[in-house]
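Below is one structure, written out as structure tokens; comments come after it.
The values are calculated or read from the model by the stated rules, or taken from the named source; none is laboratory data. Not measured: the values here are computed from a predicted model. Glycine gets a Cβ as well: all are built from the backbone with ideal geometry, and neighbour counts include every protein chain shown.
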């Protein structure tokens, strides 16, 4: 029996699915070190057949009519657009926005991705790099040593609405409408961590590819973007690493038996009968050392901003046990000041009166020697971790400390400084510590994108 004839819509969906599968296969062959992320982002038909590409981090949505039209007119652009959306996920752009302006962040991410694609050196992905695009890269590189989304965002904040509109038309490629509305939600961060792992796998695959992958400058740019994305993480989420599980007393009013209490008062006068104090397990901070690099190369205002943000996060949701130790050290090439805080109120008093001291060079070794001495003296008995806020330009100790240690660097557009193998490395965005209002685009890009399709 002959099969049931397909409608035009069904035919388009069938052929478009084959087109997208073929596009992915072509990318598999051209860029073998991207096999893991390509396999993780499943092409999925969009309910609107006219829409272009959009991803939520788990699926890559495409309009069937759009895909077929583009495949007929410009297959090269379809491959490039596919990879553009994939790189957004690999660089974790949807989950690193924080409190930044959504539209401006999207433009910064597009520029960062297109810059990698323009330098990747894959013939099937090449497009002419016009004057506007090249001039944009040159101007941004004057302010950013490395064109990651964060530094680009800060560089774009001073642009006029007309300039932003021009750049959007030049670098637009895919829709960001499916990016999470709240990047800090648990669901969003879980997906972001999955892509962080995929980025790690891609780095290893790229290294295993050897000289073939490393022949182009673009491969090095891609590796640097992946390394930077791995190191970036929201600070509030990072602090959870240093919490521990402890039992602490608490009063559960639902379990408290008022009858026994009142019976004891009536029968024995001042001797109420109460059940033993209940305890519960809580994940909080017991002991923590915060080290502030006050050397000449570190901005004092950013140091204070980091301290304020840390104190704010520590106070949120009761992250302290009732009894705790938080040691604040100010160091340059030596330990200049030590303060021991025991409560949230101590944090407030310290933040209100802190004066930064130092201004010399940077040497991490005296700080770790001081921490070790405090442990030997019994001043630090259960140290969960050390957070060292620095620019990274200093001498590290040869021997690792006895607890987790993280060096926190500010994102400045360059690759994170090298650290010893025992250290955790985290790159913080200055916007996370000192948010600055960004210029709002004058157009609704989500509506505009439906009518605009750039050509190679």
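For residue 43, the stated conditions hold: it is on the phi < 0 side of the Ramachandran plot and in a strand (DSSP E or B). In segment 295-342, which residue that is in a loop (DSSP other than H, G, I, E, B) and over 14 Å from residue 408 (Cβ atoms) is modelled with the lowest pLDDT? Among those that are in a loop (DSSP other than H, G, I, E, B) and over 14 Å from residue 408 (Cβ atoms), it is 319.
Residue 65 meets all of the listed conditions (1) closer than 21 Å to residue 122 by Cβ; (2) in a helix (DSSP H, G or I) but one, namely (1).
Residues are listed down the side, and each one gets a yes or a no for (1) at pLDDT 90 or above; (2) surrounded by fewer than 19 Cβ atoms within 10 Å (Cβ to Cβ); (3) over 21 Å from the mean Cα position of the chain (by Cα):
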{"site": "2", "(1), (2), (3)": "no, yes, yes"}
{"site": "8", "(1), (2), (3)": "no, yes, yes"}
{"site": "26", "(1), (2), (3)": "yes, yes, yes"}
{"site": "47", "(1), (2), (3)": "yes, yes, yes"}
{"site": "65", "(1), (2), (3)": "yes, yes, yes"}
{"site": "80", "(1), (2), (3)": "yes, no, yes"}
{"site": "84", "(1), (2), (3)": "yes, no, no"}
{"site": "89", "(1), (2), (3)": "yes, no, no"}
{"site": "102", "(1), (2), (3)": "no, yes, no"}
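For segment 162-194, the set of residues classified as over 26 Å from residue 53 (Cβ atoms) and either assigned to a loop (DSSP other than H, G, I, E, B) or modelled with pLDDT under 85 (or both) consists of 186 only.
Of all residues in segment 46-61, those that are assigned to a strand (DSSP E or B) and in contact with a helix residue (DSSP H, G or I) (Cβ under 6 Å, 6 or more places away or on another chain) total 2. Being under 18 Å from residue 223 (Cα atoms) and in contact (Cβ under 8 Å) with a residue 24 or more places away in the chain is a condition met by no residue of segment 55-75.
Put simply, of 110, 158 the only residue that is within 27 Å of the chain's Cα centre (by Cα), assigned by TED's automatic domain parsing to the domain that holds residue 41 and crowded, with 16+ Cβ neighbours inside 10 Å is 110. Cβ-Cβ distances below 6 Å connect the following pairs, each with a first residue in segment 169-196 that is assigned by TED's automatic domain parsing to the domain that holds residue 90, a second residue that is surrounded by fewer than 16 Cβ atoms within 10 Å (Cβ to Cβ) and in a helix (DSSP H, G or I), and a separation of six or more residues or different chains: 170/132; 177/446. The set of residues in segment 10-24 that are farther than 15 Å from residue 81 by Cα and surrounded by fewer than 16 Cβ atoms within 10 Å (Cβ to Cβ) comprises 10, 11, 14, 15, 18.
Remark: residue 58 matches the filter, which requires a residue to be within 19 Å of residue 192 (Cβ to Cβ), more than 17 Å from the chain's Cα centre (by Cα) and at pLDDT 90 or above.
Within the bounds of segment 398-408, is there any residue that is at pLDDT 75 or above, assigned to a loop (DSSP other than H, G, I, E, B) and surrounded by 18 or more Cβ atoms within 10 Å (Cβ to Cβ)? Scanning segment 398-408, I find at least one residue that is at pLDDT 75 or above, assigned to a loop (DSSP other than H, G, I, E, B) and surrounded by 18 or more Cβ atoms within 10 Å (Cβ to Cβ), so the answer is yes. Sub-7 Å Cβ pairs linking a first residue in segment 117-132 that is touching a residue at least 24 places away in the same chain (Cβ under 8 Å) and not assigned by TED's automatic domain parsing to the domain that holds residue 147 to a second residue that is exposed (fewer than 13 other Cβ atoms within 10 Å of the Cβ) and part of a helix (DSSP H, G or I), at least 6 apart or interchain, number zero. Just one residue in the set 22, 51 is on the phi < 0 side of the Ramachandran plot and free of Cβ contacts under 8 Å to residues at least 24 places away in the same chain; that residue is 22.
Quick check, is residue 100 touching a strand residue (DSSP E or B) at 6+ places or on another chain (Cβ under 8 Å), assigned by TED's automatic domain parsing to the domain that holds residue 225 and under 19 Å from residue 427 (Cβ atoms)? So residue 100 does not fit the description; no.
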